[in-house]
Protein chains: 2
Amino acid sequence: MSTYAEKYFPEEPSGPKVVTETIPGPKGKAAIKSLSEVFDTRCTFFITDYSKSIGNYIVDADGNVLLDAYCQVASIGMGYNNPNLIKVAKSDKMVRAIVDRPALGNFAGVDYEEMQRDVIKYAPKGQKYVWNGLSGADANELALKAVFFNYQSTKRGFDNPFTPEEEVSVMQNLPPGNPELAVLSFTRAFHGRLFATASLTRSKPLHKMDMPAFHWPTAEFPGYKYPLEGNEEVNKKEDERCLALVEDRFKNWGSPIAAVIVEPIQSEGGDNHADAAFFQGLRDITLKYGAKLIIDEVQTGCGGTGIMWDHERYNITPPPDLVTFSKKMQSSGYFFHDPKLVPNLPYRQFNTWCGDPKNILMSGAIMKEINEKDLLPALRETGLYFYSKLEELQKEFPGFIRNLRGKGKGCFMAFDVPSPEKRAEFLAKMRINGVNLGDCGEVGVRLRPGLVFGKKHVDIFIPIARKVIASL
Amino acid sequence: MSTYAEKYFPEEPSGPKVVTETIPGPKGKAAIKSLSEVFDTRCTFFITDYSKSIGNYIVDADGNVLLDAYCQVASIGMGYNNPNLIKVAKSDKMVRAIVDRPALGNFAGVDYEEMQRDVIKYAPKGQKYVWNGLSGADANELALKAVFFNYQSTKRGFDNPFTPEEEVSVMQNLPPGNPELAVLSFTRAFHGRLFATASLTRSKPLHKMDMPAFHWPTAEFPGYKYPLEGNEEVNKKEDERCLALVEDRFKNWGSPIAAVIVEPIQSEGGDNHADAAFFQGLRDITLKYGAKLIIDEVQTGCGGTGIMWDHERYNITPPPDLVTFSKKMQSSGYFFHDPKLVPNLPYRQFNTWCGDPKNILMSGAIMKEINEKDLLPALRETGLYFYSKLEELQKEFPGFIRNLRGKGKGCFMAFDVPSPEKRAEFLAKMRINGVNLGDCGEVGVRLRPGLVFGKKHVDIFIPIARKVIASL
């Protein structure tokens, strides 16, 4: 039986091919120099030739062909130039969404309902509705707005009008119109870099330095001992310690905490995992104190961990109040199930575009493709195989590969290396040997291959990693 | 000589055609009812059939054909199903931008530089660079970030590292890492509805109620007497009064004011205009106090007022520090000219996508089309004609049409009516008589036809407006 990649990317290369001495090579360097006149290229790894990239392989301006295990910061799940998505991109619906981009709140098109239903069809268990945004950060800020509207409307009486005092004070950015409400996020969390989301983000100083911030509380996210097997007792204590900190914030924070926001796996912050007991504990605390639970699936959502929505593996009961998404979905927004999270008045959760139908159309098409072609069982199998091979590598190089994590979570894996400097060296050498990878946290190496990554790609990845590590 | 609409929309109807007794009619009502199961339809005017809409005419699900003088809240400038934009939408570049959406900061494509240059080519006078975002609110928040980074970096020394105290405090959302800096915006301003932008927005309570806000200062935006001719003296005094308030805030606000943000014409807030003396006065004050001047051209930009960038008519000297854009551009972001507004370190102004190449590609194509087809001189002529006809109507119905404004600013016009109730009635009757229109401020009627609106469309609009007003 052929894999998805074999079937739909018949021209995918048999392996990486590096043709220049450095990456970027001469053409890439010249292109970066020229691009730097009009764009900040200090973060540019290389210039990509998307017309030549295919499936799991990304091709740069010099013709270097790299196996991609980073995939646009976990945002391309279906492989480059996926032929089934190209069909959607060329459809009349897409052309219209491009040239006649609607203000969806006022003038939704006749085909918009179908687009929304295609997305909701694959919503997390328990979620009935969706609201669209434009990026992961935007999705989280819109979710916060829904929470704050709900919190204050509940307090005021859902059918009661704003008070005159609220109407006056809000125009001066003062309470009671603009209340002092807080949202709790975790140390090492990443939820975006707009102003409210930067207030939630706690990954590193650079992500939020110099921005005015809301004074909101934080609690520690569990830091587990690896391997998980054999460390059950100490990790259980860690859950309890962190949950106690959360409860302490609810008891002692100066202003009401309207919500807790958490990633199923803290990604940017270092691929930090937690378990069912922790997430259920959070759910219980939020219920106890009348707060909402927002699960940020921006990086984990849409299949990357081997299931559509990573938090579903924990069977959180009742389900989270809001689940945000972006990245692999191409579109962004939040799912929810409580109709009271639709604001009590029109034009509260509103803006000109209310989402981008081009991206919403892609979301539906991507989720349909994942589910109809049954990509996730194969990805889970590939993930277990990949993990076992990395485990072998960890045994070979115990001083280099540490805290391997992500077992049973598709190919959503990471490990630590001895230092940031060693990591930079490792990633650069992996690239010049044909593998594109990313980092996370202080010393993490982040694996984010697409959903079309197969065992044969693992068998290409592992020998290169072995060779590179041995050379360090 | 044929107009743009005649040339490129040969199938544009000769006038509106309303076939149902209400808008929405039976099909539209059924579609809204069904859509409301998955989307908040309380703001839906009607369900649109974009496949049948063409040029200046929008067609609804019931087959009603309306002359569109609102154009997706001023966001569709080039007419529905513009054939020259359809070509771009079907291009290979676009297809790749859809299926291989890049993380532009890390992996820009080989064609990205050309896209950026196509946009910068039509930047406001004095602006050399662009940074991309995803909506008008996003553009403004990114501009604020650029300002805050610049402000603190300048204070710290551009090449100096963050201090240990800053690195510790920022992880707790406290100064000095998260400083108490402010941005001044004006009464009746609208800059978006994310959290920092909602703090800037002062249009109405509903736009920001119940959201935690930054305590930032506001000053009054001029409220001119109309007609401008004959009221020069009183309006000059109004400028001086408002500028004195701005200066007072700089002198007396508790925290430093890092920037002033202002719209060339306050749109959502009521189509409030100001003049060269006011804008130059703002520039002078910001220079005096070391603050940046951000011009929000989200609604005015890209040709709507008869010139590409409305603030250019005031010849502000030196030019504003940042100019934000969105809507008609399809893409969003800010233009700037000071290289020090590029943050001193990489990964500060950064996110996964760094803009959406589909929309950036459209921006360039739209601006090229406007300029190469020389749309703006025709639009200016149409605008003057439209204004003169509305002036006649104002003379006929002085009790209904008040404060007609926007002369010489393309078709970017508005007038006031006696009450919000009368306005609702007027807009509904205009629609059932074949014209789609919007509102602004408390009692404003907002005209936002596209850039392809011609005299023949004015000649359709005016008799319908006359008939409707006479019937009220």
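The values are calculated or read from the model by the stated rules, or taken from the named source; none is laboratory data. The model shown is predicted, which means the values in this text are computed figures rather than measured ones. Counting neighbours? That spans all protein chains shown, and the Cβs are built from the backbone with ideal geometry, glycine included. Quick note on the areas: whole protein, heavy atoms, side chains included, nothing else; ligands and nucleic acids left out. Shrake-Rupley method; radii C 1.70, N 1.55, O 1.52, S 1.80 Å.
Looking at the P(r) of the protein assembly as shown, how many percent of alpha-carbon pairs lie beyond 57 Å? Working shown, then result.
Working: 37513 of 445096 pairs.
Beyond 57 Å sits 8 percent of the P(r) for the protein assembly as shown.
For segment A:16-78, the Kirkwood radius over C-alpha pairs fed into Stokes-Einstein at 10 °C and 1.306 mPa s yields D = 131 µm² per second.
Tell me the per residue accessible area of chain A using a 1.4 Å probe; a whole number in Å² is fine.
On the way: 16070 Å² over 472 residues.
Counting only protein heavy atoms, the per-residue value for chain A is 34 Å².
Evaluated at q = 0.12 Å⁻¹, the base-10 log of the normalised Debye intensity for segment A:194-308, with identical point scatterers placed on the Cα atoms, takes the values -0.47. Temperature 4 °C, viscosity 1.567 mPa s: under these conditions the Stokes-Einstein estimate for chain B, based on its Kirkwood radius over C-alpha pairs, is 55 µm² per second.
Each label was represented as a point 7 Å from its Cα along the Cα-to-Cβ direction; for A:Lys236 and B:Ala30 these points are 6.0 nm apart. Residue and distance for the chain A Cβ closest to the axis that moves A onto B, in whole Å, come to A:Leu134, 2.
Say R0 is 25 Å: what FRET efficiency, to the nearest 0.05, do B:Glu391 and B:Lys17 get from their beta-carbon distance? Show your work: numbers first, answer last.
Values: r = 28 Å, r/R0 = 1.14.
With R0 = 25 Å, the Cβ-Cβ based efficiency is 0.30.
Extending 7 Å from the Cα toward the beta-carbon at both B:Arg402 and A:Lys121 defines two label points whose distance is 5.3 nm. Relative intensity of segment B:264-310 on a log10 scale, I(q)/I(0) at q = 0.18, 0.19, 0.33 Å⁻¹, equals -0.62, -0.68, -1.15, per a Debye sum over C-alpha point scatterers of equal strength in the absence of solvent. With K and R counted +1 and D and E -1, the other residues having a Cβ less than 12 Å from that of B:Gln116 yield a net charge of -3.
Largest first, the three principal axis extents of the alpha carbons in segment B:102-355 are 57, 44, 36 Å in whole numbers.
Remark: relative contact order (chain A) = 21 percent; criterion is Cα-Cα distance under 8 angstrom and separation of 6 or more residues.
What average number of partner chain Cβ atoms lie no more than 10 Å from the Cβ of the residues making up B:80-87?
Taking the mean over all residues of the peptide, I get 3.
Cβ-Cβ distance of A:Lys87 and A:Tyr347, R₀ of 30 Å, FRET efficiency by 1/(1 + (r/R0)^6): the value works out to about 0.20.
DSSP bridge analysis restricted to segment B:102-355 gives an antiparallel fraction near 50%, rounded to the nearest 5. Dipole magnitude for the protein assembly as shown: computed about the Cα centre from +1 point charges on Lys and Arg Cβ and -1 point charges on Asp and Glu Cβ, it is near 840 debye.
Compared with the dominant Cα axis of chain A, that is its longest principal axis, helix A:375-396 is turned about 60°. Calculated on the alpha-carbon coordinates, the convex hull of segment A:332-397 measures out at 179 cubic angstrom per residue.
Please report the net charge: other residues with Cβ closer than 14 Å to the Cβ of B:Pro320, K and R +1, D and E -1. Numbers along the way, then the final one.
Details: positive: B:Lys125, B:Lys128, B:Arg283, B:Lys292, B:Arg313; negative: B:Glu263, B:Asp284, B:Asp296, B:Glu297, B:Asp310, B:Glu312, B:Asp321, B:Asp338.
Once positives and negatives cancel, what remains is -3.
Averaging the sequence gap over all C-alpha pairs within less than 8 Å and six or more residues apart, then dividing by the number of residues, gives segment A:102-355 a relative contact order of 28 percent. Near A:Arg405: Cβ cut-off under 13 Å, other residues only, Lys/Arg at +1 and Asp/Glu at -1. The net charge is 0.
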